[in-house]
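Here's the structure we're looking at; comments come further down.
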Amino acid sequence: MHIVVTIKPVIDPNTPSVLLKIGKDGVTLELPAGMSQIMNGYDANAVEAALALKDKHGGTVTVLSVGDETSKNCLRRAIGMGADRGVHIAGPTGLACDSSLIAKLLGAAVGKLGFVDLVLCGRQASDTDAAQVPFLLAGELGLPVISPVKNIQGVDDDSAVVDRIGEGCTQRLQVKLPALLGISNEINKPRPAPLKGVMLAKKAEIPTWTHSDLGIEAPQPAMTLRRLYIEPPVETRAELIAAESARAAGRALADRLRQEGKI
């Protein structure tokens with residue numbers, strides 16, 4: 001079984017907002033010195049799901065990531081966890097990752113890998129929460145897609161049975177392989193990379209594929225971010241009105257609102 005997992009580097013969603021600054025170009029976020037992007041959380045769940053299937057059924061796990069050279073850090077983490085190999089695809093990173101562009105690059109890369117039994121993606125990315133790439137990638141590959149998946153009940157040579165999160169319910173579905181699954185965080189807790197895995201990941205050769213290597217023209221984004229801005233904080237204050245009764249409190253509140261010009 002050959003399983004491909006897609007990975008997106010993102011800014012740690014737990015980063016305090018005061019540490020983030022808008023770049024001089026007006027469309028990027030600048031990270032403080034010494035801080036780097038991390039693997040998207042849902043993608044880490046997808047890697048763990050792939051490794052669990054590998055542990056049970058055998059096979060190979062390949063991880064793919066689009067971005068700049070720093071994307072290889074996330075690929076090395078996946079290799080340290082147990083993935084067999086990683087491929088870096090030269091492309092945009094961060095908020096410039098237009099979903100249609102990323103799907104085209106990933107689709108061409110999966111095609112270059114040859115036959116794939118299963119493609120796993122995180123259900124969405126923590127920086128945009130767009131949840132578009134899994135569906136667009138499935139369209140590029142001509143594969144059936146199920147998302148968000150909270151459990152993989154079983155996989156055989158021809159199909160997979162999964163539990164999909166519905167609106168107030170769980171749907172148990174069977175899908176013919178090859179297929180693409182959008183993995184949710186309910187499915188597992190990603191394993192830490194053991195020391196041996198970390199050392200192997202540091203030595204792993206991770207090739208970089210450009211759009212020319214993939215045999216496609218440079219894809220163009222469907223949308224372009226023109227300006228990124230943060231609304232200034234709104235000052236709020238609260239005032240408690242004490243009174244002997246609800247009626248008196250109502251009169252006091254009305255008087256206060258008249259003083260403020262609200263009524």
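The values are calculated or read from the model by the stated rules, or taken from the named source; none is laboratory data. Computed from a predicted structure; not experimentally measured. Note that we place each Cβ from the backbone using ideal geometry, even for glycine, and neighbour counts take in every protein chain shown.
Overview of results
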read-out: Residue count for the range 51-74, restricted to those that are under 17 Å from the mean Cα position of the chain (by Cα) and aliphatic (A, V, I, L, M); value: 3
read-out: Pairs, first in contact (Cβ under 8 Å) with a residue 12 or more places away in the chain in the range 247-263, second part of a helix (DSSP H, G or I) and among the aliphatic types (A, V, I, L, M), C-beta under 8 Å, six or more apart; value: none
read-out: Every residue from the range 1-26 that is among the hydrophobic types (A, V, I, L, M, F, W, C) and over 21 Å from ALA131 (Cα atoms); value: MET1, VAL18, LEU19, LEU20, ILE22
read-out: Considering residues of the range 45-90 that are among the small types (Gly, Ala, Ser) and without any contact (Cβ under 8 Å) to a residue 60 or more places away in the chain only, the residue surrounded by the most Cβ atoms within 10 Å (Cβ to Cβ); value: SER65
read-out: Pairs with Cβ under 9 Å, 6+ apart, first in the range 194-212 and farther than 14 Å from VAL87 by Cα, second of a type in the set (Gly, Ala, Ser) and loosely packed, with under 15 Cβ neighbours inside 10 Å; value: SER212/ALA218
read-out: Filtered residues of the range 153-212 (kept if over 24 Å from the mean Cα position of the chain (by Cα) and more than 28 Å from LEU141 (Cα to Cα)); value: LEU195, LYS196, MET199, LEU200, LYS203
read-out: Count - residues of the range 192-232 that are of a type in the set (Ser, Thr, Tyr), part of a loop (DSSP other than H, G, I, E, B) and surrounded by 12 or more Cβ atoms within 10 Å (Cβ to Cβ); value: 1
read-out: Every residue from the range 1-34 that is closer than 30 Å to ALA160 by Cα and under 16 Å from the mean Cα position of the chain (by Cα); value: VAL4, VAL5, THR6, ILE7, LYS8, PRO9, VAL10
read-out: Residue selected from the range 18-44 under the condition part of a helix (DSSP H, G or I) and touching a residue at least 12 places away in the same chain (Cβ under 8 Å), by the criterion nearest to SER65 (Cα to Cα); value: ASP43
read-out: Residues within the range 145-177 that are of a type in the set (Lys, Arg) and either surrounded by 11 or more Cβ atoms within 10 Å (Cβ to Cβ) or modelled with pLDDT under 95 (or both), tallied; value: 2
